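Data first, discussion second: the structure below is written as structure tokens.
The values are calculated or read from the model by the stated rules, or taken from the named source; none is laboratory data. Keep in mind it's a predicted model, so treat the numbers as computed, not measured. Neighbour counts are summed over all protein chains in view; Cβ atoms, including those assigned to glycine, are modelled from backbone coordinates with ideal geometry. Note: areas computed on protein heavy atoms with side chains; ligands, DNA, RNA excluded. Shrake-Rupley method; radii C 1.70, N 1.55, O 1.52, S 1.80 Å.
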Amino acid sequence: MTDAVRDTLARPLASLRLSVTDRCNLRCRYCMPEDDYVWLPRASILTFEETERLVGVFAELGVHKVRLTGGEPLLRHDLPTLVRMIARNARVTDLAMTTNGLLLATQAAPLRAAGLRRVTVSLDTLRPERMLAFAKSARHGDVLEGIAAARSAGFERLKLNTVVIRGFNDDELADLIEFARERDAEVRFIEYMDVGGATRWSMDQVVSQREMLDVLRRRFGAIEPIAGDPRAPAERFRLPDGTTFGIIASTTAPFCTSCDRSRVTADGTWLLCLYAEHGIDLRDPLRRGATDAELATLIRDTWQARRDRGAEERLGVTDRGALYRIESLRADPHREMHTRGG
Ligand code: SAM
């Protein structure tokens, strides 16, 4: 395996989140709560060939994990073709996708056949009426069908992502664990983050990892931490009956010191941190005819200078509120979580 390029904190360039579209078919309150959005211009969206080429350059520099995301990745036309193109790169040993599952029922099998290895489906509630209120969608049944289809398509692992928000779904933690257990999936509870797009974020809506564990201990008994990959964002735990689950405590216990992730938006903007104010334009050199070696130099030099610790810096903010106001997001949609990908 290639020796990965390292940044100023010795963090390797190892994991890439590829946002394949900024469009989404949900309007989750914690991500896209506004009535209208400024979208990336269509002509700026990278073609599959451009994306494949960029992934190839990143992989030469050490990236071996690629996760497709968005927006909603299944809105990108003919995604299995892109999956097939990325999967043929032998350096990419872990190819995964995060989806809201709405379109997964028909897409799971072709994606698996194209070489996608793992899927994470976002599922914030088991109650359709809550999804309607919270994500403005009556298609809860489609998500459940998508989860079932992912199970039968034979992905290596199936995870469910749940953003936990006080007063919305914090009474469903145990039910979600049981739902996942019955489907041989693993749930990951995510602390509500003050990322761009979460314009209604406030600290009092955040349910901390500690609080989640307290609730689950009262319900299930002793909870044992599972030692694992220190670079993985989730801390994993085991219940007395062996059921496992994870918590991503990005808000109250960030893990910047081990963060090996960066993000490329659908228009080829490279972000070194989910909280970074600006990204690096890779589309322009790509379209101006830069060679792979030139792109590699740009990426290597940029990563080697990386010092970002966005989530840890947010911890130090007094009177913490939404990261960006709506005007600032409209001025640069690259600041939006749905553009950056989760
Ligand atoms: N549309 C896909 C989906 O719903 O999974 C992929 C994109 S979405 C931006 C990726 C992940 O980010 C989802 O699991 C979502 O729940 C999470 N996310 C979005 N906004 C968040 C926030 N404010 N705090 C924590 N997680 C968030």
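The table that follows gives values for the structure above.
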| quantity | calculated |
| --- | --- |
| Order by protection proxy (mean Cβ within 10 Å, highest first), peptides 185-192, 224-231 | 185-192, 224-231 |
| The chain: angle of helix 140-153 to the longest principal axis, Cα-based, in degrees nearest 10 | 70 degrees |
| Region 202-342: translational diffusion in µm²/s, Stokes-Einstein, Kirkwood Rh over Cα pairs, 20 °C, 1.002 mPa s | 120 µm²/s |
| Once the Cα gyration tensor of region 89-142 is diagonalised, semi-axes √(5λ) in Å | 28, 12, 7 |
| Solvent-accessible surface (1.4 angstrom probe) belonging to T69, in square angstrom, nearest 10 | 10 Å² |
| Hull-based mean projected area of region 1-152, where the convex hull spans the alpha carbons, in square nanometres | 10.4 nm² |
| log10 of Debye I(q)/I(0), alpha-carbon scatterers only, for region 234-280 at 0.13 Å⁻¹ | -0.47 |
| Largest-first principal axis extents, alpha carbons of region 162-211, Å | 35, 19, 18 |
| Two-decimal log10 I(q)/I(0) for region 40-116, as the Debye equation yields it once each C-alpha is a single scatterer, q = 0.25 Å⁻¹ | -1.29 |
| Where GluC sites (Glu not before Pro) fall in DSSP loop in region 89-162, at most 16 other Cβ within 10 Å | E156 |
| Degrees between helix 48-60 axis and first principal axis of the chain (Cα, 0 to 90, nearest 10) | 90 degrees |
| Descending semi-axes in Å of region 172-259, equivalent ellipsoid built from Cα gyration tensor | 23, 16, 12 |
| Kirkwood hydrodynamic radius (C-alpha pairs) into Stokes-Einstein, the chain, 4 °C and 1.567 mPa s, D in µm²/s | 64 µm²/s |
| Percent of beta bridges antiparallel (DSSP, the chain, rounded to nearest 5) | 30 percent |
| Cα-Cα pairs of region 23-73 separated by more than 15 Å (percent) | 62 percent |
| Of the trypsin sites (Lys or Arg not before Pro) in region 265-342, those whose Cβ has at most 11 other Cβ within 10 Å and which sit in DSSP loop | R288, R307, R325 |
| Residues whose placed amide H lies under 5 Å from that of R188, excluding near-sequence neighbours | L160, N161, T162, G246 |
| Cα-based helix-to-principal-axis angle, 104-114 vs the chain, degrees rounded to 10 | 50 degrees |
| Whole-number D in µm²/s for region 185-231 (Stokes-Einstein; Kirkwood sum over Cα pairs; 20 °C, 1.002 mPa s) | 164 µm²/s |
| Gyration tensor over alpha-carbon atoms, region 208-269, equivalent ellipsoid semi-axes in Å | 29, 12, 11 |
